[in-house]
Amino acid sequence: MAVVSVNAQSKTQRKWLLFFAPLIGIIGLWLASGWLVPSNLAPLTNKLQGLVTTFQGIFIEALPFLSAGVIVSVLIGEFVKPQHLASFVPQNAFGASIFGSLLGLLFPVCECGAIPTSRRLLRKGAPAPMGIAFALAAPVVNPIVLISTSIAFGDVRWALARVGFTIVIALTIGLIIGAGIKRESILTPLSLTADDHDHSHCDHDHGACDHTHDQSKGRLAGLIAHGSTEFFEMAQYLVIGSLLAATMQTFIPQSALLTLNDSSIGFFAPLVGIVVLMLVAVLLSVCSTVDAFLALSFLGLFHPGAVMAFLVFGPMIDIKSTLMLTSTFRRSAVVAMVVLAALFAIIAGLISYVVLV
Amino acid sequence: MQRQVLERWLSIAVMFGLGAMIIFKWQTNRLNLYIHPRYTSLLVATAIVLLLAALGMALTKAPAIPKHMLALLTIPVAFALLVPARPLGANLVSGKALNANSSDNLLARWKTNLSDDSKSWTLLEWTTAVRQSDLAVLRDKQAAFEGFVYRTPDLPADEVLVGRYVVTCCTADGTALSLRVKASNGADFTNDQWVRVEGTFVPAEINGSIVPQISGTLVAIDMPSSPYLYP
């Protein structure tokens, strides 16, 4: 009975959403376009145009990295077979977690790319702790981010500390959430669907390999079909995330957060700085491959511990990546990831505060 | 059947639209309203990949994309088509202004080297100079910098703020800088008009405190090809 009413409720909610979302969208678009908008609404038009500029900034900047992630994922789907994965991935939870948290060194993707790749690996039969550790660590533990962080800070120790904290946090969360639990209870149905179809039909002795041209064409068509579907699926979260981040930035002044930091004194001051910069990381939703340059500009405003928490937490959890995580992991698992990542990032920030000050 | 065909072509159109949007913004020199120029080539490459993907979808039997995803991905394309492209301007200054209490360290991090010729200083260099040196030392230094007009209700008619954003990666991290300008023709300008400030640095005394201010004239100009400053 309860199940039925919940379903009915979510169905009506969906109906309302389907009705109101486009309506709000169209009104918003009209106001932003400034076309025949009454002059007393002009300030709103101004704000909305600023919102659009901020949105396009986040969306356009993340697009190359999202596309790269989808390409990597599609290539894994095509060329990596479950038996390959089983042969070199440690099957115990600890080994799988370590493997997952280091795998990013081979796949230079940011958070938009790490999540489709993680899902693909899970569908290929990767252990759950490995999938979780990879999704959380890969945005930081990869060559591009190592280089950009070292360049931005002009000091390789910052890059190493960032990567070190991230590996430890990701593998710990991978173990806490992923070890000793049924895959069904943390993965979404789609990431449980085995992706083990074999594209090479040459194993059969039917002379199929003679039609190499037709076959490669069919293979390319498959790549395009998989790639485009996955691109749209991940990009939808990027759109929602960028819209939320741009809306918050337009209507909540950043200075409000910074003032909070300035006014905090005494024993809790380091903690306040850490939490404030972690909130800023979530709000800005900037790609991990470029956030080091941004973090640098915070170094004047905040203590190094807070900047480290920003560098560690931002790539794991922000608005768009949290939405993307729900495509791969069940909601309860995503909530656990967010809470644990926040806790551990605070600890990493406090350690850095003591060591780096 | 027909509906399926339509949805398939809509999917292709949205994919094509995303690629075309980037190429169009690049060609019309508008990509730098959104991102730091160092990412331009990366974006053009991405646009080519998206256009090729659209072509591939058209030529092969790629399936239609679910409708709600298409609807969401239409948003950036619709923004590009229907909303006039504008840089960050007076509209967001209140939300993105440099925080006065802690800006000194931030400016120091942006590592601005001040040349002797103050006429070559941008607004970023002026802001650094004002924050770092004694205002008396700067007195009578000549100014010639560009920015947009930003008015606040408390300013007299002949005084405006001339502002400009500093962008590190993309518009999401833009920080607004501004300097007070007293100009004989100040009353002629409205928010977001791009101007060139020509004058000298003359600190003003307002309500008993010394405030940095440029005294001179404003010349209306077109928006510079790169509206932001990159530290």
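The values are calculated or read from the model by the stated rules, or taken from the named source; none is laboratory data. Only a predicted model underlies this, so the values are computations on that prediction, with no experimental measurement involved. Cβ sites come from the backbone with ideal geometry, for glycine too, and all protein chains shown count toward neighbours.
For residues in the range B:136-166 being part of a strand (DSSP E or B) and within 18 Å of B:E205 (Cα to Cα), which is farthest from the chain's Cα centre (by Cα)? Filtering first and then ranking leaves B:E159. If you go through the range B:188-213 and pick out every residue that is out of contact with any helix residue (DSSP H, G or I) (no Cβ under 8 Å at 6 or more places or on another chain) and touching a residue at least 60 places away in the same chain (Cβ under 8 Å), you end up with 2.
Close Cβ contacts (under 6 Å, 6 or more residues apart or on different chains) running from residues in the range B:73-91 that are among the aromatic types (F, W, Y) to residues that are buried (at least 23 other Cβ atoms within 10 Å of the Cβ) comprise B:F79/A:V52. Just one residue in the set A:L75, A:L17, A:L103 is within 17 Å of the chain's Cα centre (by Cα) and either in a helix (DSSP H, G or I) or within 14 Å of chain B (Cβ to nearest Cβ) (or both); that residue is A:L103. Among the residues making up the range B:30-65, those that are within 9 Å of chain A (Cβ to nearest Cβ) and β-branched (V, I, T) are B:I35, B:T46, B:V49, B:T60, B:I65.
Would you mind stating whether A:V37 is within 23 Å of the chain's Cα centre (by Cα) and of a type outside the set (S, T, Y)? When the stated conditions are applied, A:V37 does not pass them.
Given the conditions (1) assigned to a helix (DSSP H, G or I); (2) more than 7 Å from chain A (Cβ to nearest Cβ); (3) at pLDDT 85 or above; (4) surrounded by 14 or more Cβ atoms within 10 Å (Cβ to Cβ), which single one is not true for B:S103? Only one criterion is unmet by B:S103, namely (3). Do the conditions hold for A:A96, that is, is it surrounded by 24 or more Cβ atoms within 10 Å (Cβ to Cβ), in contact (Cβ under 8 Å) with a residue 24 or more places away in the chain and within 14 Å of another protein chain (Cβ to nearest Cβ)? No; evaluated as a whole, the condition is false for this residue.
If you go through the range B:81-92, how many residues are buried (at least 20 other Cβ atoms within 10 Å of the Cβ) and either under 11 Å from the mean Cα position of the chain (by Cα) or under 21 Å from B:V167 (Cα atoms) (or both)?
We begin by selecting, within the range B:81-92, every residue buried (at least 20 other Cβ atoms within 10 Å of the Cβ); these are B:83, B:87-92.
Cutting the leftovers down to either under 11 Å from the mean Cα position of the chain (by Cα) or under 21 Å from B:V167 (Cα atoms) (or both) gives us B:87-92.
Matching residues across the range B:81-92 total 6.
Among the residues examined, A:I147 qualifies as part of a helix (DSSP H, G or I), surrounded by fewer than 22 Cβ atoms within 10 Å (Cβ to Cβ) and free of Cβ contacts under 8 Å to residues at least 24 places away in the same chain.
Screening the range A:273-302 for residues that are more than 9 Å from chain B (Cβ to nearest Cβ) and assigned to a loop (DSSP other than H, G, I, E, B) and picking the one that is modelled with the highest pLDDT gives A:S288.
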